[in-house]
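Values quoted throughout were computed directly from the atomic coordinates according to the rules given, and no laboratory measurement underlies them. All values derive from a computational prediction rather than experimental measurement. Neighbour counts run over all protein chains shown; Cβ positions are idealised from the backbone, glycine included.
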Amino acid sequence: MENIYLLMLVALVALAIADLVVGVSNDAVNFLNSALGTKVLSFRTIMIVASIGIAVGAVFSSGMMEVARKGIFNPGEFMFSEIMIIFMAVMITDILLLDFFNTVGMPTSTTVSIVFELLGASVAMALIKIGMDNGSFSDLGIYINTTKATQIILGILLSVVVAFSIGAIVQWISRLLLSYDISSKANWIGAVFGGVALTAITYFILMKGIKGTTYAKESFDIIGGMTITDYLESNVVSIVAVSSLFWSLLSYFFISVIKADIYKIIIAVGTFALALAFAGNDLVNFIGVPIAAWQSYEAWMASGMAANEFSMQVLASKVPTPNYLLFAAGIIMVLTLWFSKKAHRVVKTSIDLSEQGETEERFSPNFLSRSLVRAGSNSSDFITKILPDSINNIIEKQFKIPNDLPSNKISKKDRPAFDVVRGSVNLMVASILISIATSYKLPLSTTYVTFMVAMGTSLADRAWGSESAVYRVAGVLNVIAGWFGTAIIAFVAAGTIAYLINISELMIAVLLFVAIIIMIRHYTNSKSNGSNIIDEALVIAESSSLQGVIHESAKTISKVIKRGNKVYNNTVEGLSKQDLSLLDQNNKQIEKLSLEVDNLKDKLFYFIRNLDESSLGASNFYINLLGFLQDITQSLEYISKISHKHIKNSHSKLRLSQIRDLIEIDEAINDLFEEIKISFERRSFHKMEIILKNKNKLFGIVENKIEAQISRTRTTEEKSPKNTTLYFSILQETKDLLKAIMSLIEEYYLSHDGSIKPAKANNNS
């Protein structure tokens, strides 16, 4: 029996390593968002600063790991065998849950997940014990401390409301004082802002970083024999005052004498601070449970008692974690930060929702987002009306983005998502709020605070304009819904897994195997989808001339043709084999392609605005091009959907003669599409004359099939109206598809001039 618990301990160690990986991947958004969004530092510098912060935070992390010991449940009420089941259920659930959120690119709270997993698993075990003892549901209070769970729920609500509101207010005031043209402001203004920001961040390092360490409880003569914790809490005003003066003077020295960018310094120090706090305080979420399990195992082995008789009262005491374990955990966290693609995906979600300019919106608007935007817009209009025109003019002047800013001259892909003022405010406000929460022991989530501050500053900075507000608000609502979903899913899943393990210990092996399979599948799918997206995504042309647009758009045409050919092939194959799943997948593929083409049309405004005054031909060409692409996708979408509907409704199978005809057409279209794809890939626009000469042959094939079906219908050979309707619809839409393709080819052939060198995209594209 001892072997089973030793194996469980080994499994928990392996799970701890995996949990560190998935946990860092999700929580990286907490400290990378502002630095990556402003792009004021190189990616390498950002990663080095964050890595140092994580390493320092891990080494000086609190060794108590209290969350896994007590607070959620009363350890003295559980036996060793029961505790190990709880811990195993928690770790399996945590890995799967965080990996899911990483895969979809949504930030969540590792603290909330671990707390509710512990709560769910311990409730399940408590109910099992109560049932075996013939107790009542009211006895659950003996085993579970519900106060902690209540605090976490309140923490979610507080984080959302407080962080968003304070972030918006501070950003609005900061922008009103500094505007976007910060280089024109007096040095003392930047120095004061730098002093306030650096004071907030450094105090945050003291409160959140150092206070959580084992050294915080030790007394030092240099501070009058007080502990660090007591000193920080009793001298808040003096520490803040002295620090503000010191950092303001130092900032002025940096700006005036050294000519340094104080905002760059703020962002670097802020990134370090949040990374340090993350490692120092959230490390418990990843390794706290396995360490508690290890220490429980040692205590049980020393007792000599049976596993189901040894009470875990030992977990109520404080036992420090060895430094070498903290160091090892820090190394894993740093490596994950550098190599995890999912971490970058989670960060991207936050940055996209904070983007100052236009970006591809990944969230669809809903009733609530539309209602909130409408209410916000009406409130803004009302405030504008009641304020004097002079004040409104001042506000508008400060919030106007000058056209001659250096960032406007950077290419679109290299342009920052937001400026250094907003990035600094993000770090400053998050630091202040988390410091206050730590001081007053308020249950605020670090993830929730940093995310909602970023969203609040985005709103105040007018990043959510009329063109994007409904999408951005919908995104924020989705993230918040995911936070509450985290608590519910964690509770239910951990409780279920604990129940299954309690039934049979063999379930541990089964559940571990399932977890491994799911994570491998997520990794492989993520990797393949990522490469497919890069390979197949449609990209807007950015050139300023007709010939430039022709060359730039050729790649997009090639991708549309390639994907369209696959859709048509799958439709014919699905009809011939009566394969509903293939047709269902085919529908999703063509819907995705249609959406991408629509997105290109949505960006038409920015394309035209980027053109030179003499490039009218380029705009007309591009408008026609997008129109033909839309016609192509609409035809393919119609063919795919009517075929899917036919099979789904279990209508009779197409006749063998009809299938043969469709296969013949499919082969001809396949040859055509392949030839077109190669021509566009190689930019062989002169060869398109050959394709145009053969168009009558293709139309002739389709016309012959239509005439053949008319003959079959007029005789007794064809008896199914549904088959006839479907077949004629496919052929007619195929004709429209060919017309759109040939019009597209003709547009390229007539517009291309090989003697003119294509112009490149403008730098401000």
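Applying 1/(1 + (r/R0)^6) with r as the Cβ-Cβ distance of ILE488 and SER138 and R0 = 25 angstrom yields a FRET efficiency of 0.60.
The phi torsions of the range 234-239, fed into the Karplus equation with coefficients 6.51, -1.76 and 1.60 and a -60° offset, translate into couplings of 9, 10, 4, 4, 5, 4 Hz, rounded to whole numbers, with Gly and Pro shown as x. Sorted on the mean count of surrounding Cβ atoms within 10 Å across their residues, most packed first, peptides 189-195, 237-243, 269-275 read 269-275, 189-195, 237-243. Counting only Cα atoms, the size of the range 540-751 along its three principal axes is 64, 33, 25 Å, in decreasing order.
Taking amide H atoms as placed 1.01 Å from N in the peptide plane, the amide H of MET226 lies under 5 Å from those of PHE220, each 5 or more residues away in sequence or on another chain. Using a Förster distance of 25 Å, how high is the FRET efficiency between ASP389 and ILE189, based on the Cβ-Cβ distance and rounded to 0.05? Efficiency at R0 = 25 Å is approximately 0.45. Report note on the peptides 14-22, 35-43: ranked by the mean count of other C-beta atoms within 10 Å, highest first, their order is 14-22, 35-43.
Each label point was placed 7 Å from the Cα along the Cα-to-Cβ direction; for SER379 and ALA241 their separation is 3.7 nm.
Annotation: amide H-H contacts under 5 Å for MET79 (H modelled 1.01 Å from N, sequence separation of 5 or more, or interchain): none.
Length gained on full extension, ILE48 to SER581: 187.1 nm, using 0.36 nm per residue less the C-alpha separation.
A simple rule links phi to the HN-Hα coupling: the Karplus curve 6.51 cos²θ - 1.76 cosθ + 1.60 with θ = phi - 60°, which for the range 684-691 gives 8, 5, 5, 7, 5, 4, 5, 4 Hz, with x for Gly and Pro.
For PHE73, the residues whose amide H sits under 5 Å from its own are ASN145, ignoring neighbours fewer than 5 places away on the same chain, with H placed 1.01 Å from N. Between LYS695 and ASP671, full extension at 0.36 nm per residue minus the direct alpha carbon distance yields a gain of 7.4 nm.
Cross-link pairs exceeding 25 Å in C-alpha to C-alpha distance, out of LYS687/LYS735; LYS562/LYS653; LYS341/LYS641; LYS653/LYS735, comprise LYS562/LYS653; LYS341/LYS641. The 3J(HN,Hα) values that the Karplus relation (6.51, -1.76, 1.60; θ = phi - 60°) gives for the range 40-56 are, in residue order, 6, 10, 5, 4, 4, 4, 4, 5, 5, 4, 5, 5, 4, x, 5, 4, 5 Hz. Gly and Pro appear as x. If one computes the Cα centroid of the range 554-587 and of the range 655-699, what distance in Å separates the two points? The distance from the Cα centre of the range 554-587 to that of the range 655-699 comes to 15 Å.
Sorting 343-356, 619-632, 122-135, 301-314 by average packing, meaning the other beta carbons within 10 Å per residue, from highest down gives 343-356, 619-632, 122-135, 301-314.
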